């Protein structure tokens, strides 16, 4: 997420939001159960906004969306300030993998997942037979996205997307998603009153964006509609169809926890470095229980979500598929581990003694400033641990004689502060 100045949009809102009779409620990116947001009648529209809306109508017509659907979906539309607030919010902390995992893969969610596996067994067997997606994997996605359908979101999707489309930061992406949402309404899959979702426009039991819906949604119950909000057959078949189409391999697992040998080359622990299992085994990588890795032709990458002292995972091609669904490594690991726990696997235990202090955004910005002062380019000083920052950390760690795992931590910051008061390593 980019964190940008809110002033341009707020100025535009002052022209539009002369009267707001119903304040926006608080949603979440993964949906909440709060009251729905409704549009307030516009009392004054700026020429800029009227021109934007007129062009949007023309674009909608070109995509086969009727004026009736357009007018109903965007009746009285004004940008929703709460959506902008959530889109631009800057997290106070950079959370650790363990904190992330423990909040999401906890006993209640595991137990509920096992119960759903039993209660929806017939439907899940049908889905698995058709698409090759393990039932536990699909249930894990369902559990993480909407708490097994409990929190699908109460933001009106067209209005939330229209708000983000009118914003000038990512307008092209959200404009396209808005037109896709209007297309879904035009096709009659869901009524306008029921088309709710997250503040960012993710919808239904599996939190599909409208573009994902149009490409991958399936009429699983055969009633002529693709209702991923209320129909579990539609939601499950759609989720499984999506995973299959983006490359899920039915004969492979997502990955596994592993033990790394003494002297392991941590520079090779990154998602883009994929090697056959026999090569990892030759380097001394073993299963978490100490057993040998399987003798298969699979390829995998070593992932260290909390640095060299934390847990290590050997992830396979299906992990990359999960990353297509959500680009967070922590999310992908949580999906895989929740699926394993639902299937009866034990909890993770290795790497629990690692430094688990959360970095504040200010602390991460300080790490980035220190890197820059040492001659390593971290990219923008923004408090976001992006790829350039991780590469710069690896380079600094290597120069300073530390394990080059690319992980930002409180301990690393403390080391860098001491290092800056002595002799800094030469930059690359």
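FYI, it's all coordinate maths here, none of it is from the lab. This structure is a prediction, so every number in the text was calculated from the model and none was measured. No Cβ is skipped: glycine too gets one built from the backbone with ideal geometry, and neighbour counts run over all protein chains shown.
When the chain is treated as a GNM with alpha-carbon contacts under 10 Å, the residue of 334, 75, 408 showing the greatest mean-square fluctuation is 75. Rounded to the nearest 10 degrees, the angle from helix 47-62 to the longest Cα principal axis of the chain is 90 degrees. Neighbour counts of C-beta atoms inside 10 Å place 273, 228, 393 in the sequence 273, 393, 228, starting with the fewest.
Listing 248, 199 from fewest to most neighbouring C-beta atoms within 10 Å gives 248, 199. Using a Gaussian network model of the chain in which every pair of alpha carbons under 10 angstrom is joined by a spring, one finds that among 103, 317, 390 the greatest mean-square fluctuation is at 103. Axis angle, to the nearest 10 degrees, between helix 329-342 and the longest C-alpha principal axis of the chain: 90 degrees. When the Gaussian network model of the chain links Cα atoms closer than 10 Å, the mean-square fluctuations of 164, 178, 391 top out at 391. Against the chain, whose longest principal axis comes from its Cα atoms, helix 7-16 is set at around 20 degrees. Can you give the FRET efficiency to the nearest 0.05 for residue 251 and residue 373, using r as the Cβ-Cβ distance and R₀ = 35 Å? The value I calculate is 0.10.
Normalised by the number of residues in the stretch 255-342, the average gap of Cα pairs under 8 Å and 6 or more apart makes the relative contact order 30 percent.
On the principal axes of its alpha-carbon atoms, the stretch 255-342 has extents of 32, 26, 24 Å, going from largest to smallest.
Counted by neighbouring Cβ atoms within 10 Å, the residues 417, 226, 297 run from fewest to most as 297, 417, 226.
For n ≥ 4 DSSP H runs only, could you compute -39500 (n - 2.57) per run for the chain, divide by its residues and tell me the 222 nm figure to the nearest 500?
Numbers: 18 runs with 201 residues, N = 428.
Rounded to the nearest 500, it is -14500 deg cm²/dmol.
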